[in-house]
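Quick notes on the structure that follows.
The values are calculated or read from the model by the stated rules, or taken from the named source; none is laboratory data. Predicted model only: the values in this text are computed from it and were never measured. A quick note on method: Cβ atoms are made from the backbone with ideal geometry, for glycine too, and the neighbour counts reach across all protein chains shown.
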Amino acid sequence: MYPLNIDGEELYLRDLKINDLPHLLKWYNNINDFAFATGVYQPITLREMLNRYFESRASSKDFFAGIYIRASSDMIGVLKGQLCCDGDLSAWINSIIIDPDFQRRGYGSKTVNLLIRHIKESCSVKRVYLSVAEENTKGMLFWKRQSFKTLKRINRDYGYKNKCNTILIMYKDI
């Protein structure tokens, strides 16, 4: 796993530890709020969460970090993605989750800014990518506020409630 331990003024990011997974499972199984962010459309078990965790740990490019408030050390979210520091100099954000009790306070934006600053300085990353379902209006607004632009649209059948979702690949040059 790519180590993603970043200190910020209000927040810090720390690589997830195995004892963080039960807390993380709560968010992954909160399908109403986070299905679009996690790609999980039905409840998963702790074993399945462990598999996701170990997949990330096995890859030198993946990061899987908790988002913590500095003042209290409470984990309020999670950030998952990959870095490509060899040749491509790009990164992907797979998901960002902020606990509903902490949303709309700027923590998501601060997390993205911490990540971007870090990967730009440590790996000279030039571009960050992500995908977002067009139907995910909250997610679309969030990423547009972060100055991400649409690169292309893809029609994709998630198999979720038999809907065909339009997925946008978005990017930001940094």
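Determine which member of the set 60, 56 is in contact (Cβ under 8 Å) with a residue 12 or more places away in the chain, assigned to a loop (DSSP other than H, G, I, E, B) and over 25 Å from residue 140 (Cβ atoms).
60
Across the stretch 25-42, which residue is surrounded by the fewest Cβ atoms within 10 Å (Cβ to Cβ) among those that are at pLDDT 95 or above and over 13 Å from the mean Cα position of the chain (by Cα)?
26
Of everything in the stretch 100-116, what is surrounded by 15 or more Cβ atoms within 10 Å (Cβ to Cβ) and either over 13 Å from the mean Cα position of the chain (by Cα) or not polar (S, T, N, Q) (or both)? Give them in sequence order.
Across the stretch 100-116, the qualifying residues are 102, 103, 107, 108, 110, 112, 114, 115, 116.
List, please: which pairs have Cβ atoms under 6 Å, are six or more places apart or on different chains, and start with a residue in the stretch 26-40 that is free of Cβ contacts under 8 Å to residues at least 60 places away in the same chain and end with one that is small (Gly, Ala, Ser)?
Close Cβ pairs satisfying both conditions: 38/95.
Could you tell me whether the stretch 2-14 includes any residue that is under 29 Å from residue 125 (Cα atoms), touching a Cys at 6+ places or on another chain (Cβ under 8 Å) and in a loop (DSSP other than H, G, I, E, B)?
no
Could you tell me which of the residues 120, 172 is over 26 Å from residue 23 (Cβ atoms) and in a strand (DSSP E or B)?
Step by step, each of 120, 172 is checked, and only 172 is over 26 Å from residue 23 (Cβ atoms) and in a strand (DSSP E or B).
Yes/no matrix, rows are residues, columns are (1) at pLDDT below 95; (2) assigned to a helix (DSSP H, G or I); (3) within 21 Å of residue 9 (Cα to Cα):
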site	(1), (2), (3)
77	no, no, yes
87	yes, no, no
91	no, no, no
97	no, no, yes
113	no, yes, yes
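Out of the residues in the stretch 63-75 that are touching a residue at least 24 places away in the same chain (Cβ under 8 Å) and outside any strand (DSSP E or B), state the one that is farthest from residue 109 (Cα to Cα).
The extreme case among them is 71.
Report, by residue number, each residue of the stretch 43-52 that is modelled with pLDDT of 95 or more and charged (D, E, K, R).
Answer for the stretch 43-52, where residues must be modelled with pLDDT of 95 or more and charged (D, E, K, R): 47, 48.
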